[in-house]
Amino acid sequence: MAWELLLWIVSFVIVIALIAVDAYQLICLSDLECDYINPYDSSSRVNAVVVPEFIVQGFLSSLFLMTWQLIPFIIMAPITYYHVQMFWKKKHLLDVTEIFRQIEGQKKYRMVKLAFYFTMFILVIYRLVVCAVTLIIDEDDSPLVSGVY
């Protein structure tokens, strides 16, 4: 049971990191839209975190599969598949010359991902609390702790 708690703690940290990376990408695109930074800086900042985000999200999805957490895996599978498809088709990076034409679509795509990651955040917090409470209750009922054999 302690391993399951460790799984949910790691998942919690990873989901927070995914939310932060996606929010960073949205901020870069919004700054570009408001003309605070130039297209080259914006696309290079976003492109620098896209592949690590894909790797971390794929790792989390495979972690859920390897530990037989099927509900979180089924929830993560479509976005993982979409990320793999984008990577194979080489459409995962922003093009500096096309960024102004793509900015609205890119912002919507990242907003949907942010909503998805927030949903996963709520699920992970719920499972983390349930696992921690179950672990505490199980320890209280242990015969070694209560003194009764």
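Numbers for the structure displayed
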{"item": "Exposure rank, largest accessible area first [Cys131, Cys34; 1.4 Å]", "result": "Cys34, Cys131"}
{"item": "Extension gain, Ser44 back to Ile74 (0.36 nm per residue minus Cα-Cα distance, nm)", "result": "7.6 nm"}
{"item": "Inter-label distance, nm, simple model (7 Å from Cα along the C-beta direction), Thr67/Thr119", "result": "2.1"}
{"item": "Accessible area in the full protein assembly, largest first, 1.4 Å probe, for Thr97, Thr119", "result": "Thr97, Thr119"}
{"item": "In Å², nearest 10: area of Ile55 left accessible to a 1.4 Å probe", "result": "110"}
{"item": "Local net charge near Ile19, Cβ-Cβ under 12 Å (Lys/Arg +1, Asp/Glu -1)", "result": "0"}
{"item": "Dipole-positive endmost among Leu6, Ile71, Pro52 within the chain (Cβ charges, Cα centre)", "result": "Pro52"}
{"item": "Accessible surface of Lys89 - all protein chains present, 1.4 Å probe, nearest 10 Å²", "result": "130"}
{"item": "Rounded accessible area of Arg127 (nearest 10 Å², 1.4 Å probe)", "result": "60"}
{"item": "Residue-count net charge about Ile37 - beta-carbon cut-off 11 Å; Lys, Arg +1, Asp, Glu -1", "result": "-3"}
{"item": "Charged-residue dipole, Cβ positions (Lys, Arg, Asp, Glu), the chain about Cα centre, Debye nearest 20", "result": "640"}
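The values are calculated or read from the model by the stated rules, or taken from the named source; none is laboratory data. Just so it is clear, the model here is predicted, and its values are computed rather than measured. Ideal geometry is used to build each Cβ from the backbone, glycine not excepted, and the neighbour counts take in all protein chains shown. Quick note on the areas: whole protein, heavy atoms, side chains included, nothing else; ligands and nucleic acids left out. Shrake-Rupley method; radii C 1.70, N 1.55, O 1.52, S 1.80 Å.
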